[in-house]
Amino acid sequence: MNKLNCNTLCQPVLTNAITDDVTLQTWLIEQASKYRLQYLLAYATDGVIWGYFNDGKLSIAHGTFPQFPKLCLSTLQQCRIFGIDGEVLLWRTKQEWKARLIYDSPNKTQQLETITEDQVLWGTQGKVKDGFTLLSDGQQGLCHAVPLTGIQFDTQKKLRRPVRLKVRHYIEYDNDGLARIGLSRLVDLFAETKGK
């Protein structure tokens, strides 16, 4: 039984540099570069915001598909920047911004037990533009623009949703040996190939 606590994986990240939209983007780019993080998934009062980091720049879905929200400090509620190695979570409290880092140690003996889950994202068809794929689903017109291209859609199977969000859950045990998920983080965004 592993005695490590999930809280040992979390490190606080300073947010005092975030004061406006420009410093928010600068801070996000710095964190992504420092920890080799690739994707952004943010929740704002006006919708979901996808983005990706490349060559020290942040590309947001709004820049390619203007119907999606801008990344604005005034509407942002929570933001995750993530990749294979870790995740930075930024969230709003009543008084201030807080952030924490989960960075997987290369020393596997220090790791907690994990479960990896591939969550299915909406989107049975897509339109690719500038590094994003506009995914749509069903007659309701539900859509979002993920920072992923090369997705293989199956026109014969209208209900097939190939895009996945990989999530890692960290397991911890209480004093009685009862296991629970103590912490979760986003890991990767990918598309299943046809035939799966």
Just one of (1) among the charged types (D, E, K, R); (2) within 18 Å of L165 (Cβ to Cβ); (3) at pLDDT below 95 trips up K94, so point out which.
(2)
I'm checking my understanding of the structure. Among residues of segment 11-51 that are farther than 24 Å from F132 by Cβ and in contact with a strand residue (DSSP E or B) (Cβ under 8 Å, 6 or more places away or on another chain), which one is surrounded by the most Cβ atoms within 10 Å (Cβ to Cβ)?
I18
Based on what the data block shows, is A17 touching a Ser or Thr at 6+ places or on another chain (Cβ under 7 Å), at negative phi and without any contact (Cβ under 8 Å) to a residue 12 or more places away in the chain?
yes
Those residues of segment 172-182 which are on the phi < 0 side of the Ramachandran plot and not in a strand (DSSP E or B) amount to D174, N175, D176, L178
Residues satisfying the stated conditions in segment 104-119, i.e. assigned to a strand (DSSP E or B), in contact with a Leu (Cβ under 8 Å, 6 or more places away or on another chain) and modelled with pLDDT under 95:
none
Quick check, is R160 under 22 Å from T116 (Cα atoms), in a strand (DSSP E or B) and outside the structural domain of W50 (by TED's automatic domain parsing)?
no
Do we have V128 as surrounded by 13 or more Cβ atoms within 10 Å (Cβ to Cβ), β-branched (V, I, T) and out of contact with any strand residue (DSSP E or B) (no Cβ under 6 Å at 6 or more places or on another chain) here?
yes
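Listed here are the residues, each with its yes/no results for (1) without any contact (Cβ under 8 Å) to a residue 40 or more places away in the chain; (2) aromatic (F, W, Y); (3) not in a loop (DSSP other than H, G, I, E, B).
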site	(1), (2), (3)
S136	yes, no, yes
C143	yes, no, yes
I151	no, no, no
R164	no, no, yes
Y170	no, yes, yes
S184	yes, no, yes
So which residues in segment 167-189 are crowded, with 16+ Cβ neighbours inside 10 Å, within 30 Å of H144 (Cα to Cα) and not acidic (D, E)?
V167, R168, H169, Y170, G182, L183, S184, R185, L186, V187, L189
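The values are calculated or read from the model by the stated rules, or taken from the named source; none is laboratory data. Quantities reported herein were computed from a predicted structural model and do not represent experimental measurements. Positions of Cβ are backbone-derived with ideal geometry, glycine not excepted, and every protein chain shown enters the neighbour counts.
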